[in-house]
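Below is one structure, written out as structure tokens; comments come after it.
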Amino acid sequence: MGKIILHQGDITKYSADAIVNAANTSLLGGGGVDGAIHDAAGPELLEACQKLGGCQTGSAKITKAFNLPAKFVIHAVGPVYRDGTADEDKLLASTYKRSLELAVEHGAKSVAFPNISTGVYRFPKHAAASIAIRAVKSFLKNHQQIETVAFITFDDENYNIYKEKLDLRGE
Ligand code: AR6
């Protein structure tokens with residue numbers, strides 16, 4: 001089974017075959033990690049995104065990565081967290097799964113995820129981490145093509161949550 005790595009830092013500096021963007025349904029950029037990825041990739045990324053026609057919540061689309069150290073950017077749209085009764089859990093799990101399916105379809109063996117929906121979209125961080133880890137582990141069990149999945153945390157809170165949930169204490 002592929003392995004899971006935890007890394008704290010800026011995902012735009014991270015070398016993986018594919019990095020995942022926490023995008024919105026327009027796929028036309030925004031703030032947070034989306035803004036950082038577009039800034040680092042350069043204007044060609046926006047041109048590529050303009051051809052995609054948006055994306056539904058819980059799904060993802062893929063482009064080249066232009067000036068980034070990755071080969072691909074997977075633009076994933078997590079749910080906006082409302083009150084937990086709007087299928088948020090299911091949609092977040094589906095965002096991770098669909099991103100990994102796209103990675104396999106494009107031959108990417110290593111994939112790096114930010115903590116989708118836990119910023120502007122306000123998904124509670126503990127719950128989001130559990131859903132993300134469960135979705136990734138379940139995918140890796142059934143897809144040998146992916147060798148490494150990295151969770152890239154940006155803030156200390158998410159880093160500590162992932163460290164505990166991935167049982168990396170002491171590393
Ligand atoms: N590298 C890695 N993680 C980062 C970086 C970075 N450079 N910058 C921020 N994060 P958010 P969302 C973390 O708000 O909640 C955008 O405007 C951040 O600490 O970027 O899915 C989109 O266009 C947080 O843990 O994404 C959408 O409209 C995580 O990335 C909307 O925000 C996600 O925070 C999506 O909201």
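All of the numbers you see were taken from the coordinates with simple rules; none came from a lab. Small disclaimer: the values here were computed from a predicted structure and weren't measured. All Cβ positions, glycine included, derive from the backbone under ideal geometry; neighbour counts span all protein chains shown.
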Requiring at least 3 residues that are of a type in the set (A, V, I, L, M), the helices (runs of 4 or more DSSP H) wholly within segment 75-171 are 88-105, 125-142
Neighbours by Cβ (under 6 Å, 6+ apart or cross-chain): first from segment 54-78, closer than 15 Å to residue 27 by Cβ; second among the basic types (Lys, Arg) | 55/61; 59/98; 60/98; 65/71; 75/61
Among the residues of segment 66-91, count how many are charged (D, E, K, R) and either at positive phi or exposed (fewer than 13 other Cβ atoms within 10 Å of the Cβ) (or both).
-> 4
Out of the residues in segment 11-46 that are among the polar types (S, T, N, Q), surrounded by 14 or more Cβ atoms within 10 Å (Cβ to Cβ) and under 22 Å from residue 146 (Cβ atoms), which is farthest from the ligand (Cβ to nearest atom)?
-> 21
